[in-house]
Amino acid sequence: MSNQLFIPPNYKPVLNTTRTEKAIKLTKDLFENQLSAELRLRRVTAPLFVLKGTGINDDLNGTERPVSFPIKCMQETRAEIVHSLAKWKRWNLKKLQITEGFGLYTDMNAIRPDEDLDNIHSLYVDQWDWERVITPEERNLKFLKRVVRKIYSVMKRTEYLLYEEYPELVPQLPDNITFIQAQDLQDQYPGLNSKEKEDRAAKEFGAIFVIGIGGALANGEKHDGRAPDYDDWTTPSEGNYKGLNGDIVVWNNVLQRSFELSSMGIRVDAPALLKQLAIANSEDRAKLMWHQMLLNGELPQTIGGGIGQSRLCMFFLRKAHIGEVQSSIWPESVIEVCEKNNIPLF
């Protein structure tokens, strides 16, 4: 496992463990409050688990196994720890009768036992899941970019306010985020894998939003996987490109690599859902409760995403390992290597 670790040469944490704990709280408070105001989001309480077979839990790439357990007082009906809350949020917007231009956000905590553990991946996932009601006319790339810029502005402000409190944390984000189509990355960097393409672009621009993730590119390959039933990755966006979703990726100076902070997108409408289920050979999901609600026009049109809490803290506090900002489980080999290299895991 330790061979997946990257150890920055001569690494020394900018903040010690005590100051890190305080900075984590400040980072989360600053970002959460500003995100809520910028996107007009109401905070709500989220579930840790949902019933299996309802279609509410997310498939992510379609291969990750959810943690599940039987419920004794419900005839052993099984529940699943959430992977994310993409579909639950949309259902909750309907339940709370939140109107166009407003939305919700929540703390999402998940367990992903199939993660490959390294500097930035953990068994434990914590993120701000957010969702906002949109009009049918806002289902376009221009609106997606507008929301991305709003979120990026919150990141910029948070980075500066942390610098005011901790002068050692010198701001690094560029003034603007650069929008890049996944197809353009494919054309510009042939022969490289998706991660290597993001490395090149993130290092050049500092912060990028990669558009169009989940659908096949011109060469038949995907930039990355996406479940077929939340983000819209088939609707034409501009030119011959497709996809109304993407990732916010920044250049991480500590790790010397691209670093994803957020995945988001305009959500599927009924036609996009049916198209993407067919592409993914997952038409049977259309029979599930949540999918039937969407197909029957019972759910609002939305945009939404997830923003990694530990990822954000890791980036702003200049940490080399996600275990420096969250408590999780690590192989003994990882713990030993980190101890030898001044990387204090919680």
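The values are calculated or read from the model by the stated rules, or taken from the named source; none is laboratory data. Note that the structure is predicted; figures quoted are calculated from it, not measured. Because the Cβ atoms are built from the backbone with ideal geometry, glycine has one as well, and the counts that use them run over all protein chains shown.
The table that follows gives values for the structure above.
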{"item": "Verdict on PHE31 being at pLDDT below 95, among the hydrophobic types (A, V, I, L, M, F, W, C) and surrounded by 13 or more Cβ atoms within 10 Å (Cβ to Cβ)", "result": "no"}
{"item": "Test set (1) free of Cβ contacts under 8 Å to residues at least 60 places away in the same chain; (2) in contact with a helix residue (DSSP H, G or I) (Cβ under 7 Å, 6 or more places away or on another chain) - TRP91 fails condition number", "result": "(1)"}
{"item": "Lone qualifier among SER36, SER68, SER84 - being in contact with a strand residue (DSSP E or B) (Cβ under 7 Å, 6 or more places away or on another chain), of a type in the set (S, T, N, Q) and surrounded by fewer than 17 Cβ atoms within 10 Å (Cβ to Cβ)", "result": "SER68"}
{"item": "Filter result (part of a loop (DSSP other than H, G, I, E, B), closer than 25 Å to GLY306 by Cβ and among the aromatic types (Phe, Trp, Tyr)) within region 1-53", "result": "PHE6"}
{"item": "Test: residue in region 108-120 that is among the small types (Gly, Ala, Ser) and more than 20 Å from SER68 (Cβ to Cβ)", "result": "no"}
{"item": "Candidates GLY101, GLY55 - the one that is farther than 27 Å from LEU117 by Cβ and touching a His at 6+ places or on another chain (Cβ under 8 Å)", "result": "GLY55"}
{"item": "Qualifying residue in region 76-98 (condition: aliphatic (A, V, I, L, M), closer than 28 Å to GLN256 by Cα and either touching a Pro at 6+ places or on another chain (Cβ under 9 Å) or outside any loop (DSSP other than H, G, I, E, B) (or both))", "result": "no"}
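Let's see how each residue does on (1) under 15 Å from ILE151 (Cβ atoms); (2) hydrophobic (A, V, I, L, M, F, W, C):
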{"residue": "PRO9", "(1), (2)": "no, no"}
{"residue": "PRO13", "(1), (2)": "no, no"}
{"residue": "GLU21", "(1), (2)": "no, no"}
{"residue": "LEU26", "(1), (2)": "no, yes"}
{"residue": "ASP29", "(1), (2)": "no, no"}
{"residue": "GLU32", "(1), (2)": "yes, no"}
